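Nothing in this text is a laboratory measurement; each read-out follows from the coordinates by a stated rule. Treat the numbers as computed from the prediction; the structure is a model and nothing was measured. Positions of Cβ are generated from backbone atoms using ideal geometry, with glycine treated the same way; all protein chains shown enter the neighbour counts.
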Amino acid sequence: MEQRLIHIILFSGFLSVILCDSHDYVLIQENRAWNEALDYCRKNYIDLATVQTDQEWNKLKKLRAKYRSNEQSNTWIGLYDAVNSWRWSLQNECQTYVNWDKDEPNNYKGNQYCVMLDSDGHWHAENCSRKCVAICENDQGPVLVTDAEMSWKTAQSVCRKIFTDFYTVRTESENQQLTEMIKGYPCAWIGLFRDSWTWTDQTSISSSLRWAEKQPDNLSGDEICAAVNENGRITDEPCSKKFFFFCKSSSISSLVTETVKRQILRLEVKAGDNVIDQVTADALLKEVQQKLGEQGMAADVKFSWRQQPNGKLFQTLKKNNYRFSKCSKY
Ligand SMILES: [Ca+2]
């Protein structure tokens, strides 16, 4: 008798429930370190300011002109370099074993988001466009791909297309094995990478960030927080510096502000073999909205899926691996 095996796969996605999506900004005229500013905004408003569209930038510019038109100074916004979000390409597993070279990862010049193995077996965070050979993984273990020296992203595509994914290095003996394999090559990409600049409210970066000239440069080596300068351009700064800051608030009166909330929910979905496509995601959203409506949720509540750092709505869950909350700092 023919037997059919049905795989049940758990997917996890973030559902953003916005009770009022229209927002405004508030300029807090107190000098605070970035973390203190973040706490203040989350306690008293919604978050530090997320600024993406032309309309949002104009709002911010007007607010600054109103209060600080004559000052040459920076103002914090809710953007940070996610230096603690290191994870593996394969299933986004958080890193456990590490073998960084001395002073690594140092994010030199502020653009080192991918990790390569050197000929001594040490790890270096590098600019992802550098060209290296790649260590992929298949059922038998690591495979060295030397056909063409590739950027990290190209290497990831090759590993995922031909093999399982990049190799995930979990122990010292595995690291030694790889070091033997890459003899004669100056560098080999492994699957470790991290997010770059991230909004504190986890909004996806939707357009190119308006950096000031030659920024971000990580000039002092610890510039992982972002501020807007007097020209309305972003600079990376040490988080301990004390600046005024922009919070994101509701655009309706402060009396009503207290009742306006945004909630981020994690939804786990059991599905068949197939990945969840946009049509299914839309249908799920409608169903959630309907169920909550039946339980008395107001009709003007807005629902949307939150895009995850890799651009997808859903992640396949395996081994209770809740990676994004575990690998990230804020
Ligand atoms: Ca800088």
### Message
Test of understanding: what is the full-extension gain from Glu230 to Phe303, defined as 0.36 nm times their sequence separation minus their Cα-Cα distance?
### Response
22.7 nm
### Query
Hey, got a sec? Which trypsin sites (Lys or Arg not before Pro) in the stretch 41-123 land in a DSSP loop and have at most 15 other Cβ atoms within 10 Å?
Lys102
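Order by neighbour count: Val133, Val143, fewest other Cβ atoms within 10 Å first, most last. Working shown, then result.
Details: Val133 22, Val143 16.
In increasing order of surrounding Cβ atoms, one gets Val143, Val133.
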### Task
Could you please tell me the mean projected area of the C-alpha convex hull for the stretch 183-226, averaged over all directions and given in square nanometres to one decimal?
5.5 nm²
### Query
Which value in nm describes the separation of the simple spin-label points at Leu144 and Ile162, placed 7 Å from the Cα toward the beta carbon?
1.4 nm
### Task
Return the ratio Rg/(2.2 N^0.38 Å) for the stretch 87-193, where Rg is computed over Cα atoms only.
0.95
### Query
Given the stretch 61-140 reduced to its alpha-carbon atoms as identical point scatterers, what log10 I(q)/I(0) does the Debye formula return at q = 0.13, 0.18, 0.27 Å⁻¹?
-0.59, -0.86, -1.51
